[in-house]
Amino acid sequence: MSEATDILFRQACEQAVAFRRTLGARPQHPERSCRELLACIEQSFPATGCSAQEVLEELSTWASPGLHTTAGPRFFAWVAGASHPLSVAADFMTSAWGQNAGNHVASPAAAAAESLCASWLLDLLDLPRTASVGFVTGATMANFTGLAAARGHVLRRVGWDVEAEGLFGAPPISVLVGEDAHTSILAALRMLGLGQDRVHRIATDAEGAMLPFAFAHTARSLDGPMIVACQAGQLNSGAFDPFPQILEIARDKQAWVHVDGAFGLWARACPTRNELTEGLELADSWSTDAHKWLQVPFESGIVIVRHAEAHQRAMATTASYLPPCEDKERDPSHFVPELSRRARGFALWAMLRHLGRDGIATMVERHCRFSQQMAMALSDEPGIAILNRVVLNQVIVRFGADREPVTGDRLTDLTIARIVSQGICYVGGAEWHGRRVMRLSVISCATEEQDVKLSTNAILSAWRSVREDAAENGAVADPPPEPEAKMRSYDPEEVNI
Ligand SMILES: *Cc1c(COP(=O)(O)O)cnc(C)c1O
């Protein structure tokens, strides 16, 4: 290694160490917005270059104020793992090794890491040991890949080869999706030519899980090729679809069932929570994210397909300059949309090896317990309501729950903004069944008991100050007489099926 490389790598490491060391102590939000950053960076493309060391210095200087605290201990927005130090270290090495994980000849070690991870994951998640596994960038691509295999499989059964003929003139496929499905399912359907608007949306309950009888009614009214997209872990509530009922009907209909388990599938690796996932092992494909609960750096999604041939038919890339498919070895590119790829298996292997079965179970349970603690402490406070059953790691919080809906929306948004600006913890908002809400997702390996307490107190103090401000300066109207419904209640008589 040349001296310049040596210096450069050490410089990068030192910067990484300094960043991580101060992460918990800095405000838990970026200091500058993207627009602000762009305003202070030289925008014109340089005619001449600059030394590698100087560039690294410059990168760190301009990027630092715009870095988020995703890897920090009090980040509860979206659903984001924290890039565990070990997986980052393995990822450094992955970059330095510069492997192309496309096939087993290009990188025997990368292919071996994926093979190992594949069998460990099937074992850990207790899914069919003969299923095929693809390592993609995230759950969006995992959903895309699972649904691509589904599309080919259900059409092949009625004599249509979609891989050869495309969808031109193909028999139509009925696609059933819950009302509260993740948007990436719709994106995948759009990319696959199945249309995001022609799907049958299935009514859901107050937790966002598909109603079994609504599903049964729709599925039974349809004939021909059918795909069902369920979810294990609703993005806001953490709810699970009723798999046993769905799968029983789906089997009658010879439908392909895909399960989006971006974070919820990990509940299967936790003995105290895996009851939630009961029945999903009978599905045809599953997706999950290692960059969520497994704490691997971003761009680590996983797709698992029961029917390996359907998976491979949909994804494999072949050419005379690539190893032949008949080789006994597993080629990573046969199970994913990409050809040349990052060797994602190393960081994944490192985390699985480090945590082991027990470590993963303990971590998942700890996050679920932290969520329940936060939900309980918040719900004791006047004006705060928890809108979901906290079965997993997600909490839906409404501020001004005793006020009229519009006022509650405003108070909720004001409270979120105040929490974020205080910088003790970071949270996000969303719309849940027609109401503005705050979401908490406890899923970071950096989060400890003290962070839960600190964050709960920060949320309570932000809410109290918003409530006082509203009372003092009349910024928010007084509540009208009728109380606001705390949850979207569901009345079977009213559900339109
Ligand atoms: C995060 C998430 C996705 C999308 O995953 P990406 O990794 O962002 O592509 C899909 N479904 C659910 C339920 C999720 O939580």
Loop trypsin sites (Lys or Arg not before Pro), the stretch 54-158, which have at most 14 other Cβ atoms in a 10 Å radius of their Cβ (DSSP): R129
Taking a ≥ b ≥ c as the square roots of the Cα gyration tensor eigenvalues, with a/c under 1.5 meaning rounded and otherwise prolate when a/b beats b/c or oblate if not, the stretch 245-397 comes out prolate
Any idea what Rg and Dmax come out to for the stretch 359-418 if you just take the C-alpha atoms, in Å? 13.5, 45
All Cα pairs of the stretch 129-222, percent lying beyond 24 Å: 29 percent
Mind checking which aspartates and glutamates have their C-alpha under 16 Å from K253, skipping anything on the same chain fewer than 8 residues away? D223, D284
To the nearest 0.05, the calculated FRET efficiency linking R21 and Q450 through their beta-carbon distance, R0 being 25 Å, is 0.90
Along the dipole axis of the chain (charges at Cβ: +1 for Lys and Arg, -1 for Asp and Glu; origin at the Cα centre), the most positive-end residue among P171, W62, C445 is C445
Which value results for Rg/Rh of the stretch 80-185 when Rg is the Cα radius of gyration and Rh the Kirkwood radius based on the inverse mean 1/r? 1.05
Just to compare against my own numbers: the Cα pair-distance distribution for the chain, 20 Å bins, whole % per bin, please. 21, 51, 26, 2
Rg [Å, one decimal], Dmax [Å, integer] - the stretch 390-466, C-alpha atoms: 12.4, 38
Taking only Cα atoms of the stretch 1-79, what ratio of Rg to Rh do you get with Rh as the Kirkwood inverse-distance radius? 1.04
Which value in Å does the Kirkwood hydrodynamic radius of the stretch 423-468 take, with 1/r averaged over all unlike C-alpha pairs and then inverted? 12.0 Å
Dipole check, the stretch 388-453, charges on Cβ (K,R +1; D,E -1), about Cα centroid: among V391, A417, A430 the Cα furthest to the positive pole belongs to A430
Can you figure out the FRET efficiency of R198 with E3, using R₀ = 56 Å and their beta-carbon distance, to the nearest 0.05? 0.35
Descending principal axes extents, the stretch 68-139, alpha-carbon based, whole Å: 40, 33, 18
Return a whole-number percent for the relative contact order of the stretch 201-348, with Cα pairs under 8 Å and 6 or more residues apart as the contact set. 16 percent
Space enclosed by the convex hull of the alpha-carbon atoms of the stretch 261-350, per residue, Å³: 119 Å³
Over every pair of different alpha-carbon atoms in the stretch 122-176, take the mean of 1/r and invert it; report that Kirkwood radius in Å. 13.0 Å
Taking the number of other C-beta atoms within 10 Å as the exposure measure, put M376, M226 in order starting with the fewest. M376, M226
Percent relative contact order of the chain, based on C-alpha pairs within less than 8 angstrom and at least six residues apart? 21 percent
Scattering curve values for the stretch 147-190, log₁₀ I(q)/I(0), Debye with Cα scatterers, q = 0.14, 0.18, 0.23, 0.26 Å⁻¹: -0.37, -0.57, -0.83, -0.96
How large is the Kirkwood hydrodynamic radius of the stretch 216-298, counting all unique pairs of alpha carbons, in Å? 13.4 Å
Shape call for the stretch 1-133 from the C-alpha gyration tensor, a ≥ b ≥ c root eigenvalues: rounded (a/c under 1.5), prolate (a/b greater than b/c) or oblate? oblate
Using alpha carbons only: equivalent-ellipsoid semi-axes of the stretch 162-295, gyration tensor based, whole Å: 25, 17, 14
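Where a number appears in this text, it was derived from the coordinates with a stated rule and is not lab data. Computed from a predicted model, the values in this text were never measured in an experiment. Cβ atoms come from the backbone with ideal geometry, glycine included; neighbour counts cover every protein chain shown.
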